[in-house]
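Read the structure below first, then the notes.
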Amino acid sequence: TRFERMRERGLAAAHAYASVAVGVVVGAYLATWWLSRARADDADDDCGGVRNAPRHVSKTASSRGAEDADVLGAIGNTPLTRVASLSALTGCDIYVKCEFLNPGGSVKDRVALTIVRNALENGSLVRGGVVTEGTAGSTGVSLAMVAKAMGLKCFVAMPDDAALEKSVLVEALGAKVERVRPVSIAHRDHFVNVARRKANDAVAEHGKGYGYFADQFENLANFQAHYDTTGREISIDMRTRKKTLDAFVCACGTGGTLAGVGARLKEENPACQIFLADPQGSGLFNRVTRGVLYDSAEAEGKRLKNPFDTVTEGVGINRLTENFKMLLKTPGMISGAVKVSDAEAVAMSRFVAKHDGLFIGSSSAVNLVSAVRVAQFLGRGHSVCTIACDSGLRHMTKFWSDEYLSAHNLAVRAETVNDAHSLAFLDRDVTVTPAFSR
């Protein structure tokens, strides 16, 4: 069939892209990492408050000593970049934290390192054991990298509709991958449940510590990694620029990034507003704006089918995770939410590639669409920050494939993104929806 032929060609392309992806990302990272680290060091020396706290706050990502002078020591302190085109069009400063410049190529490096370190320290995992995870891709790559650097094995289960280059990258880093069909979390063969069973089987066969399920959705080390490092780095960068951050927005899969960064930024500046970005089909927008995640008949736990249909990967969910619940514990933590269509995300990725030289993945595109919406909502003169979770290199066979997008009626007309002075490619009459309050 047509889709089988596309899949075969995609697999061949994925291997080709994977062979250069790590080199491209790490090469670009090395060109910016020392500058970013020097800027953070200067901020720590010159300013008070949290910047004078130990850099190694909770053994997560930011700034390590000589004993960590390996690939893990390069995690964190990624550049915060102003997106010139979107800033000019909105009259606001729109910043993006370039997490694709982590050594493993995504924001998930921080989470993987924190989860594995915590597990080793508390005895839940031992050297030579296997760490397992169910993921749409990026966490798998990060865990495979961290596991290899720390003398561990890694097993990753992922849905078989995820971009092929992600599974190829995981395997290139020495991990085992099992691709499974997309089903509800209630189904025993959901990729998360497959990963959990794999860890349990390892413990049953070899003993305690030889199997550990990372559980990124519910493990609060995810939240803590972003509270301790990502949020702190954003604060340092903004103060170095002598700017006040008015808003932070990003999409959620596990919820750890928005919850951790949001908590840190609100703690340091209560006036900073936190917004959710949500792709089509996800239920979190309803939870934030209406107080109800879904109708009881549509609860993910009662469905035995793929819960939603979107070309974006790694964001959007129809259940509340423990990490996302951290956002809900404090009244008023979230100011509102933005719904983003696939068509908008695809067009945004092409727009910033053409006008800013930013080559981003699907979740990053959702975030930038939402950053524009938040900037428009706040009005001119404000500062808005979001996350570039990973680069387009992990999305070549889907989100960046013209053939794939055409088959899903998402092909981008060049004229809609060629004009650097227009946001006409965004849906009309869409804005920020304020958060629900009782």
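The values are calculated or read from the model by the stated rules, or taken from the named source; none is laboratory data. Every value quoted in this text rests on a predicted model; they were computed, and no experiment measured them. Backbone-built Cβ (ideal geometry, glycine too); neighbour counts: all protein chains shown. Keep in mind that these areas ignore ligands, DNA and RNA; they rest on the heavy atoms of the full protein, side chains included. Shrake-Rupley method; radii C 1.70, N 1.55, O 1.52, S 1.80 Å.
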* **Under-5 Å amide H pairs with residue 250, H placed in peptide plane, nonlocal only** => 275, 277
* Let me know the whole percent of all Cα-Cα pairs from segment 202-268 that are separated by more than 15 Å. => 59
* Distance violations [Cα-Cα > 26 Å] among 108/176; 148/398; 148/329; 108/153 -> 148/398; 148/329
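In debye to the nearest 20, how big a dipole does segment 376-438 give about its Cα centre with +1 on each Lys and Arg Cβ and -1 on each Asp and Glu Cβ?
Computed charge dipole of segment 376-438: roughly 320 debye.
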* Asked: If one computes the Cα centroid of segment 220-234 and of segment 262-288, what distance in Å separates the two points?
  -> 15
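Keeping all protein chains in place, calculate the accessible area per residue for segment 332-377 (probe 1.4 angstrom), answer in Å².
Computed with neighbouring chains in place, this is 21 Å² per residue.
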* How large is ³J(HN,Hα), in whole Hz, for each residue of segment 410-421 in order, when computed from phi with the Karplus curve 6.51 cos²θ - 1.76 cosθ + 1.60 and θ = phi - 60°, using x for Gly and Pro? -> 10, 4, 8, 7, 3, 5, 6, 10, 6, 7, 5, 9
* **Positive-pole candidate from 172, 104, 123, dipole of segment 70-180, charges at beta carbon** => 123
* Asked: If one computes the Cα centroid of segment 386-432 and of segment 71-100, what distance in Å separates the two points?
  -> 19
* Structure fact -> Cα-only Rg/Rh for segment 246-404 with Kirkwood Rh rounds to 0.97
* Structure fact -> Sorted list, accessible surface of protein heavy atoms, 1.4 Å probe, largest first, for 313, 205, 171 is 205, 171, 313
* Residue-by-residue Karplus 3J(HN,Hα) for segment 77-84, coefficients 6.51, -1.76, 1.60, Hz, glycine and proline x -> 6, 6, x, 9, 10, 7, 8, 4
* To do: Quick one: which residues, 5 or more positions from residue 130 or on another chain, have an amide H under 5 Å from its amide H? H modelled 1.01 Å from N in the peptide plane, none for Pro or chain starts.
  => 153, 211, 212
* Return one whole number: the accessible area per residue of segment 245-291 in Å², for a 1.4 Å probe. => 24
* Per-selection Rg to Rh, segment 68-124 - Cα, Kirkwood hydrodynamic radius -> 1.20
* Per residue of segment 109-114, in order, report the coupling 6.51 cos²θ - 1.76 cosθ + 1.60 (Karplus, θ = phi - 60°) as ³J(HN,Hα) in whole Hz, putting x for Gly and Pro. => 4, 4, 5, 4, 5, 5
